[in-house]
Amino acid sequence: MTMTEPDAPSLDQLLAAAGAPGDLAPRVAATLGEQAASRLAGDPWLILSVPGVRPEAADGFARSVLGGTAGPQDPRRARAVLGWLLDRAALDGHTAQPADVLCSALGTLGFGDPAGALHAALEEGDMLAFSNAAEEEDEDGSGDSGDGEAGAGAADLMIIRERYAFAEEGVGEAVQRLLATPEPLGEDWERLDTTGDRIHSELRDTVGAYGLTLVATAPGIAKTAQIAGFAEAAAAAGVPVAIIGGNAASVRTLNRELGGTELTVLSIQEYLASLGRGEAEEKAADATAVPGQRGPAADSDGDSDSDSDSDSDDSAAGGSATSTADGSIAATAESAGASTTAAAQTDASDESADPSAPDPAEAEAADPASSDSSDAEAEPPAPEFAEPQPGLVVVSAAHQIDAESLAALLDAVPEGMRVLLAGDPAEPGPAGPGQPFRDLIDTRSDSLMAYTADGRVPRVRAADSEPHPLTDLRFALREGELPPPENDPEKRLVIVPVRDASEAVARAVQLAADSIPRTFGLAPDDIQVVAIRATGDAGADTLTRALRERLGTEQVRALTAREALGGTWPAAVVVLDGPSSGSLTRALVYGLCGLAERHLSIVHGAGSALPQAVANVPDRPRHTRLPAVLRDL
C-alpha cells in the first residue's frame with residue numbers, strides 16, 4: 001500500500017530513524033532531488049547512489065525503512081549495488097566492467113545467485129551488456145569480433161551504464177559523420193605556410209583530405225608549440241579556426257603560446273556555450289531541440305577538467321556512511337586504497353545523476369506539429385538545416401578528454417568543419433571515465449574503410465623535437481627505462497633525493513622560490529610545483545602553504561598531477577614522495593616529466609618504487625566500449 005502524502009515521513013525523519021549522520025540529508029537531496037523522501041520510501045537502496053554511502057550502510061537503511069521485508073536478494077538491491085560497483089569503477093576511468101568481475105563482487109556482497117542478480121539488474125536498471133570479444137583485436141589488427149553479443153557467455157560480457165554507452169556511441173557516430181562530410185578548405189589551404197615546423201606539411205595534407213585527423217604528439221618539449229603553430233598558420237591562410245584545450249592546464253598553456261596573436265583558446269565548456277550548447281541548453285536540449293539540429297550525445301558538463309584537488313587514486317578526507325552492527329548508519333572516514341573487487345574505493349563528486357528522458361508534455365509544447373490537434377494529419381514543415389561551412393577545430397591535450405565530454409564536443413561541431421585532435425596516448429588518460437583518444441588511436445574498423453585505406457582514423461605522428469635532456473628522458477621512459485641523469489652543465493634536468501616528506505617540501509620550496517629563478521631568470525609564475533596528491537605531508541595543499549609563506553603571496557599554488565597533466569611551464573618541480581609512490585605508473589612519470597620546457601627538478605623520495613613503476617607498471621588499464629562501437633559502425 002502506498003503511503004498518502006500526509007502520512008509519508010520526511011527525508012530528515014527517514015534518515016534519523018536509520019541513525020544517519022546529520023550531514024547526510026543535503027547530499028541525499030542533491031542526488032535524488034526534491035522527491036528524495038518518497039523515492040527512498042519506495043526503494044531505500046537508492047541511497048546507495050549518494051556519494052560516500054556503501055552497500056552495508058544502504059542495507060541498514062533499507063531494514064529501517066522496510067522492516068522485515070528487506071532482504072539481500074531484493075531486485076532493487078541488486079540494481080543499486082550493480083550501479084554502485086559501476087560508479088566505483090568509473091572513478092578509475094572505466095566506462096564498463098567485465099560481467100564475471102561484477103558477479104564475483106556481487107557474491108562477496110551477499111547475493112546467493114550473482115548471475116541471476118546481474119540479469120535482474122539489467123532487466124530493470126539503466127545498464128546494458130555488450131560482448132567483450134569486440135574489445136580485443138587480433139594481433140594482426142583485423143579485429144574480427146564476430147556477432148557482438150551472440151553466443152557470448154558471462155566471461156565474454158561487459159556491463160556499462162547507459163550514460164557512458166550513449167556517450168561512446170556518440171563519439172563513434174561523430175567520427176563517421178566527420179569523415180563523411182568535410183567541406184573544401186579553399187585554394188589558400190594548399191598555400192598554407194608549412195615552414196614553421198616539420199610536421200606542418202603532413203598536417204596540411206592530412207587535414208586537407210579528411211574531416212577528422214588525430215595527432216600523436218611526440219615526447220619532446222615543443223609538443224604544444226607544434227599544434228599552436230599549425231593553428232596559427234591555418235588562421236593566417238584564411239581558414240576559420242577554433243582552438244580548444246582538453247583541460248584547464250592545456251588552455252593556459254595554449255593561451256601562453258598564442259599570446260601575441262588574435263587567436264583565443266577556449267575550454268570545451270566555453271566552445272559549447274559559444275554554439276548555444278552550454279549547461280542550461282544541454283539540460284533541455286531534447287525537449288526544445290530545433291528541427292534539424294543534432295542534440296547532445298550525453299549529459300555532460302562539457303569540460304573534462306573537474307577542478308578536483310586529487311586524482312582518482314585519492315581517498316576522501318571527509319566522512320562517508322557505513323552500517324553499524326545494529327543496522328544504523330554512522331559516519332566514518334574511508335581509508336586510502338580501500339577497494340572493491342570491481343573498482344577502487346574513493347569519494348568523489350556526484351556521478352549518479354543519469355540523463356533522463358524529456359517530459360512528453362514539454363516535448364509537445366516545443367513541437368506543436370507532434371501534438372494531438374485537429375490538423376495532426378497535416379504534413380509537418382521540412383526541417384531547416386544550417387548550411388555546411390568550412391573551417392577547422394583544433395583540440396590540444398585530447399587525451400585528457402573523457403568520453404562524455406568528447407561526445408558533446410564532437411556532436412556540437414557544425415557540419416562541414418574539420419577536427420584535429422592532438423594528444424599523447426602514452427600519458428595517463430582523462431580524469432573522467434573513458435579514454436576516447438587512445439581508443440581512436442588504437443582501433444581499426446572495417447566500417448572506416450569507406451573513408452580511409454587502412455580502416456583507422458587518419459593520424460599524423462608529430463615530429464621529434466631537437467635533442468634535449470628532457471626529451472631524451474621522456475623517450476626512455478616511454479620505453480620503460482629510467483636512465484641515470486646526464487652530466488648537464490646547463491642543469492636542465494636535476495634529481496634531488498630526499499629522505500622524508502618534510503625534507504621534500506623544504507627542497508621543493510627552495511628550488512621554486514630561489515634556485516630556479518636565480519639560475520634561469522624565471523618569475524614565480526613560470527615555475528609550477530606539482531605533487532602526486534592534494535593531501536598528505538608532501539601533498540599539493542601542504543606545498544601551497546609553504547610556497548605562500550616563503551614568497552609572501554597568496555597567488556601561487558601547487559597543483560596535483562591530475563590538474564597539471566596536459567599543460568607545460570617553462571620550469572616545473574615535481575615532488576615524488578614516499579606515501580604517494582603506490583600511485584606511480586610509467587604513464588604518470590612520463591606525463592610528469594613532460595610538464596617542463598626549459599628545466600625540470602624532480603624531488604625524489606619514492607625510493608625503489610619509481611624505477612619499479614617505470615619498468616613494470618605501464619598504466620592503469622581501462623575497460624571501455626568505444627572500440628566495439630567503432631567496429632560496429
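Here are a few things to note about the model shown:
- The residues of the range 53-101 that are over 24 Å from ALA20 (Cβ atoms), part of a helix (DSSP H, G or I) and of a type in the set (D, E, K, R) amount to a single one, ASP100.
- Total residues in the range 31-52 satisfying the condition of being of a type in the set (A, V, I, L, M, F, W, C) and either surrounded by fewer than 20 Cβ atoms within 10 Å (Cβ to Cβ) or within 16 Å of ALA17 (Cα to Cα) (or both): the figure is 6.
- Flag if LEU522 is within 23 Å of ALA225 (Cβ to Cβ), in contact with a strand residue (DSSP E or B) (Cβ under 7 Å, 6 or more places away or on another chain) and in a loop (DSSP other than H, G, I, E, B): yes
- Under the condition of being open to solvent by 30 Å² or more (accessible area, probe 1.4 Å), within 26 Å of the chain's Cα centre (by Cα) and basic (Lys, Arg), the residues counted in the range 54-111 number 2.
- Those residues of the range 590-633 which are open to solvent by 10 Å² or more (accessible area, probe 1.4 Å), under 19 Å from ALA504 (Cβ atoms), assigned to a helix (DSSP H, G or I) and in contact (Cβ under 8 Å) with a residue 60 or more places away in the chain, in sequence order: LEU610, PRO611
- Residue under evaluation LEU448, criteria (1) open to solvent by 10 Å² or more (accessible area, probe 1.4 Å); (2) touching a residue at least 40 places away in the same chain (Cβ under 8 Å); (3) of a type outside the set (Ser, Thr, Tyr); (4) over 25 Å from ALA596 (Cβ atoms), criterion not met: (1)
- Test: residue in the range 252-261 that is of a type in the set (Asp, Glu) and free of Cβ contacts under 8 Å to residues at least 12 places away in the same chain: no
- Selection from the range 442-477 of residues that are closer than 24 Å to ALA225 by Cα and touching a Lys or Arg at 6+ places or on another chain (Cβ under 8 Å): ALA462, ALA463, SER465, HIS468, PRO469, LEU470, LEU477
- Looking across the range 73-100, the residues that are among the small types (Gly, Ala, Ser) and in contact with a helix residue (DSSP H, G or I) (Cβ under 6 Å, 6 or more places away or on another chain) come down to ALA78, ALA80, ALA99.
- Considering the range 451-489, the residues that are in contact with a Leu (Cβ under 6 Å, 6 or more places away or on another chain) and not in a loop (DSSP other than H, G, I, E, B) include one that is surrounded by the most Cβ atoms within 10 Å (Cβ to Cβ), namely LEU470.
- Taking strands (runs of 3 or more DSSP E) as the structural unit, those lying wholly within the range 146-264 and holding at least 3 residues that are open to solvent by less than 10 Å² (accessible area, probe 1.4 Å) and touching a Gly at 6+ places or on another chain (Cβ under 9 Å) correspond to 212-216.
The values are calculated or read from the model by the stated rules, or taken from the named source; none is laboratory data. Quick caveat, the model's predicted, so the values are computed rather than measured. Cβ sites come from the backbone with ideal geometry, for glycine too, and all protein chains shown count toward neighbours. What goes into the accessible areas is simple: the full protein's heavy atoms, side chains included, and nothing from ligands, DNA or RNA. Shrake-Rupley method; radii C 1.70, N 1.55, O 1.52, S 1.80 Å.
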